[in-house]
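Asker: Submitted below is the structure of interest, expressed as structure tokens.
The values are calculated or read from the model by the stated rules, or taken from the named source; none is laboratory data. Since this is a predicted model, take the numbers as computed values, not measurements. In this analysis, Cβ positions are derived from the backbone assuming ideal geometry, glycine residues included, and neighbour counts consider all displayed protein chains.
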Amino acid sequence: MVDVRFHMVVIDCADPRSLAAFWEGFTGYERRTDEEDWVSIYSPDDSMRIGFQQVPEGKVVKNRVHLDFSAADEEATAGEIEAMGATRGWVGDDPEDPFVVLADPEGNEFCIVRAQA
């Protein structure tokens, strides 16, 4: 077995600073690296980080990988994040698997899923 550890998720974008500010707004993560072409934010317990990397090309198709965030009320939480600048993609129709797909201001999809009891 290869000995590796998860390091971070990196999101390609046009404007790392503004996109990191959007993600900070709903995750509670804290900015630790802030450069023109690279910004990283860390979870309060340092267990997770998200990097934002400037790239020249725009997003053109659906993400092949996305992040899921849990919330007690996925609909209310999705509404709050939409008020911060996200756009709604769709809502899952399986009552056993409730989720809302959102996209950040640059179109990167992520989900808000109902937290399990």
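Asker: Kindly list the number of the only condition in (1) surrounded by 15 or more Cβ atoms within 10 Å (Cβ to Cβ); (2) modelled with pLDDT of 95 or more that fails for Lys59.
Answerer: Status for Lys59: all satisfied but (2).
Asker: Continuing with this model, one more query. Which residues, taken from the range 1-52, are closer than 20 Å to Ala86 by Cβ, outside any helix (DSSP H, G or I) and of a type in the set (S, T, N, Q)?
Answerer: Hit for the range 1-52 is Ser43, nothing else.
Asker: Could you check the range 58-76 and list, in sequence order, the residues that are among the small types (Gly, Ala, Ser), under 22 Å from Leu19 (Cβ atoms) and free of Cβ contacts under 8 Å to residues at least 40 places away in the same chain? Before the answer, list the steps.
Answerer: From the range 58-76, those among the small types (Gly, Ala, Ser) are 58, 70-72, 76; that's our starting set.
From the residues that got through so far, the ones that are under 22 Å from Leu19 (Cβ atoms) too are 58, 70-71.
Across the range 58-76, there are no qualifying residues.
Asker: Given Phe99, Phe110, Phe52, Phe69, which one is in the same structural domain as Ala14 (by TED's automatic domain parsing) and surrounded by 15 or more Cβ atoms within 10 Å (Cβ to Cβ)?
Answerer: Result of the check over Phe99, Phe110, Phe52, Phe69: Phe52.
Asker: In the range 53-100, what count of residues is obtained for those that are among the hydrophobic types (A, V, I, L, M, F, W, C), assigned to a loop (DSSP other than H, G, I, E, B) and within 13 Å of Phe26 (Cβ to Cβ)?
Answerer: Narrowing the range 53-100 to residues among the hydrophobic types (A, V, I, L, M, F, W, C): 55, 60-61, 65, 67, 69, 71-72, 76, 78, 81, 83-84, 86, 90-91, 99-100.
Among the residues that remain, those that are also assigned to a loop (DSSP other than H, G, I, E, B) are: 55, 60-61, 65, 72, 84, 86.
In the following step, the residues that additionally are within 13 Å of Phe26 (Cβ to Cβ) were identified as 84, 86.
Total meeting the criteria: 2.
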